[in-house]
1. Near the amide H of Val102, under 5 Å away, which other amide H atoms are found, from residues 5 or more places off or on another chain, if H is placed in the peptide plane?
2. What order do you get for Thr90, Thr165, Thr66 when you list them from fewest to most C-beta neighbours inside 10 Å?
3. Would you grab the residues whose amide H sits under 5 Å from the one on Arg81? Only those 5+ places off in sequence or on another chain, please, with H modelled 1.01 Å from N.
4. For a footprinting-style exposure proxy, rank Ile130, Ile194 by other Cβ within 10 Å, fewest first.
5. Run through every distinct alpha carbon pair of segment 84-247 and return the Kirkwood hydrodynamic radius in angstroms, one decimal place.
6. Hey, quick one: spin label on Met75, modelled 7 Å out along Cα-Cβ, who in segment 201-233 has an amide N within reach, i.e. under 14 Å?
7. Obtain the radius of gyration and the Kirkwood radius of segment 86-154 from its C-alpha atoms and give Rg over Rh.
8. Given a Förster distance of 51 Å, report the FRET efficiency between Thr92 and Thr65 from their Cβ-Cβ distance, rounded to the nearest 0.05.
Amino acid sequence: MARQQVRRLRAELEQDPGATSRRQQAAQERAASDRLERVRRALRRLPEMAAKKKGDTKAEARASTTDPSATVMKMADGGFRPAYNVHLCTDTASQVNVGVEVSTAGNHQGEMLPMLEQLRARYGQVPQEILVDGGYVKKDDFDRAAQPDLGCVVYAPVAKPRSTTTDPFAPKAGDSDAVIAWRQRMATPEAKKIYTERAATAECVNALARNRGLRLLPVRGRLKVRAVALLYALVHNVMRAAALRAAAMQPA
């Protein structure tokens, strides 16, 4: 292949000495045009980013010109970089990924219901119970999850109040029936024991994903990122299937 490429370029120079220069110029123009379009898309996202800021911080809104679909998020090291949030829904019994989604929000709020809808579309049903971390807590979602067509019981930690004299599990003004039920549920030893399963399943799967390199994504655009996340979930499931099969074959 390399020799063929060299012969082709030599022939091109002999027949048309300016062809290479024109091709390089065209490539530069395409790159400039692509960058201009990415800058325009980033500028269009700035109002959306500013709307999520509070008070005087609106001027700090950022949009990525590298990947306008991504959201510039604050990282654990204190820096800001374009990023996506990858959500993996894991079966607690097998550690198999049953749902995958990618969002451009800098937090998890509002992502529980789309995952439940995805599970229903994929499997024709939703789980009877779901365990989510505190970042997913959105009271309106609890109301929807409790509706008969979903009927999913949510286990999520209750935020610690600022005052040590306030009971976090007591009903608050404006709480719906579903939110009151969630608070009361999470106050029970049974619910606390059930929630510990999340650390051994979902958190374990998330840690494996990071350790296997699902940190820096080599693609741009939400759809391509979702494709990478889906491929990772599939590979993870194949590995889990092999591990589960090997465990099942062990003598009792």
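Here, each number is a calculation from the coordinates, and none is a lab measurement. Every value quoted in this text rests on a predicted model; they were computed, and no experiment measured them. As a convention, Cβ positions derive from the backbone with ideal geometry for all residues, glycine included, and neighbour counts pool all protein chains shown.
1. His87
2. Placing the least packed residue first, the sequence is Thr165, Thr66, Thr90.
3. Met73, Met75
4. So the ranking, lowest neighbour count to highest, is Ile194, Ile130.
5. In segment 84-247 this quantity evaluates to 17.2 Å.
6. Only 214-218 fall inside the zone, counting backbone N under 14 Å.
7. Reported Rg/Rh, Kirkwood definition of Rh: 0.93.
8. 0.80
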